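Accompanying notes for the structure given below.
The values are calculated or read from the model by the stated rules, or taken from the named source; none is laboratory data. Model, not experiment: these values are computed from the prediction. Glycine also receives a Cβ, built like all others from the backbone with ideal geometry; neighbour counts cover every protein chain displayed. Note: accessible area is taken over every heavy atom of the protein model, side chains too, but ligands, DNA and RNA are not part of it. Shrake-Rupley method; radii C 1.70, N 1.55, O 1.52, S 1.80 Å.
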Amino acid sequence: METKQWYMEYKIHKNRPGLLGDIASLLGMLEVNIMTINGVEDRTRGMLLQTNDDEKIELLGKMLQKVDNITVNKLRTPTIVDILAVRHGRYIERDSDDRKTFRFVRDELGLLVDFLGEVFKRDGNHVIGLRGMPRVGKTESIIAGSVCSNKRWTFVSSTLLRQTVRSQLSEEEMQPNNIFIIDGIVSTIRSNEKHHSLIQEIMAMPSTKVIEHPDIFVKESHYDYSHFDIIVELRNTPEEEITYETFTANYTDDF
C-alpha cells in the first residue's frame, strides 16, 4: 500500500508524567511514524502520522479508546486546517454557518500566508474570495502565499501600486499554474469590454483565482457565491466591520 498521512487529535483529561511517551511507544510498536506533533489550543495535542497500512490506524483508534487519560477527537486524512493547526498550535477560525469562510486578523498574517500557500499548492480550478478593508494586507498576503507555494502570480486587476486593468495577458502569464489576482471592484466598476472578456476566460481556466472584494464582484457580475471554493476574511481587529460604502467611491474617481 502507498504511504499516507493521518491527523490524530486527542484531548488530555489528566496530563500525567509519561503520557506522551506511552502514546509514542504505542505508535512505535505499530510502526506508525510521527511526522509532526504540537499542542493545539487548551489541553489538546495534534499529530501528523504516516503509515502504509490503513488497518494500523483503525487499530490505533480502537486501542486509544481504552486509555482513560485522553479522548481521541479526530483520526482522519489531514485537511489543510489540520496541517496548520499542528504547525501553528491553533485552529483557524471558521464561520459556524458557512464552513467555507475562514477568518483572520492582521496579527495572524503569518498564519494566513501559510494557509494561502497550502491552498495554492493544489492543482485545478480554485476560486478564493478575500474580504477586507483597505491597507489590511490582502494583496501582500496573496503574493507571499504564492511565493510559499512556489507559483508565479499575475495581476489581472489591482490598486497595489496604481490602478491596473489588464485587457490581455501574455502566453507566459496565461499558464494555468499561475495565481491570478483580481480586484473585484476594479474589474466590475472600472472594467472595459476587453477586460470583461479576459476575466471570463480566466474564470473558465483550470487555475487558482484570488478575487479581492468578492461581494462587489458578485453584485456587479453574473458570478455568484457558488463559484467560490473558499472565502477569507482579513480584519485589523476581530471586531472590525468590513463595509464597502466608505471606499468603493474612490474606485470610480480618475487616478
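Of note:
- Within region 92-108, residues that are on the phi < 0 side of the Ramachandran plot and of a type in the set (A, V, I, L, M) have Cβ atoms under 6 Å from residues that are modelled with pLDDT of 90 or more and surrounded by 13 or more Cβ atoms within 10 Å (Cβ to Cβ) in these pairs: Ile92/Val81; Ile92/Phe102; Val105/Arg235, counting only partners at least 6 apart in sequence or on another chain.
- Segments classed as strands (runs of 3 or more DSSP E), wholly inside region 1-63, with at least 3 members that are open to solvent by 10 Å² or more (accessible area, probe 1.4 Å) and touching a Lys or Arg at 6+ places or on another chain (Cβ under 8 Å): 4-12, 33-39
- In region 81-92 there is at least one residue that is closer than 30 Å to Phe217 by Cα and part of a helix (DSSP H, G or I).
- When Tyr91 is tested against (1) in contact with a strand residue (DSSP E or B) (Cβ under 6 Å, 6 or more places away or on another chain); (2) open to solvent by 30 Å² or more (accessible area, probe 1.4 Å); (3) of a type in the set (Phe, Trp, Tyr), exactly one condition is not met: (1).
- Scan of region 143-168 for residues that are open to solvent by less than 30 Å² (accessible area, probe 1.4 Å) and either of a type in the set (D, E, K, R) or under 15 Å from Glu201 (Cα atoms) (or both), ordered by number: Lys151, Thr154, Val156, Ser157
- Residue in region 125-139 that is surrounded by the most Cβ atoms within 10 Å (Cβ to Cβ), counting only those that are among the charged types (D, E, K, R) and outside any strand (DSSP E or B): Lys138
- Across region 220-241, the qualifying residues are those that are touching a residue at least 24 places away in the same chain (Cβ under 8 Å) and among the charged types (D, E, K, R), and the one among them that is least open to solvent (accessible area, probe 1.4 Å) is Glu233.
- Long-range neighbours under 8 Å by Cβ, at least six apart or interchain, first residue within 20 Å of Arg16 (Cβ to Cβ) within region 28-55, second among the β-branched types (Val, Ile, Thr) and open to solvent by 50 Å² or more (accessible area, probe 1.4 Å): Arg45/Ile37; Gly46/Ile37; Met47/Ile34; Met47/Thr36; Met47/Ile37
- Residue in region 140-147 that is farther than 26 Å from Ile242 by Cα and out of contact with any Ser or Thr (no Cβ under 9 Å at 6 or more places or on another chain) present: yes
- Per-region count, region 97-124, residues at pLDDT 95 or above, under 24 Å from Val218 (Cα atoms) and either open to solvent by 60 Å² or more (accessible area, probe 1.4 Å) or of a type in the set (A, V, I, L, M) (or both): 5
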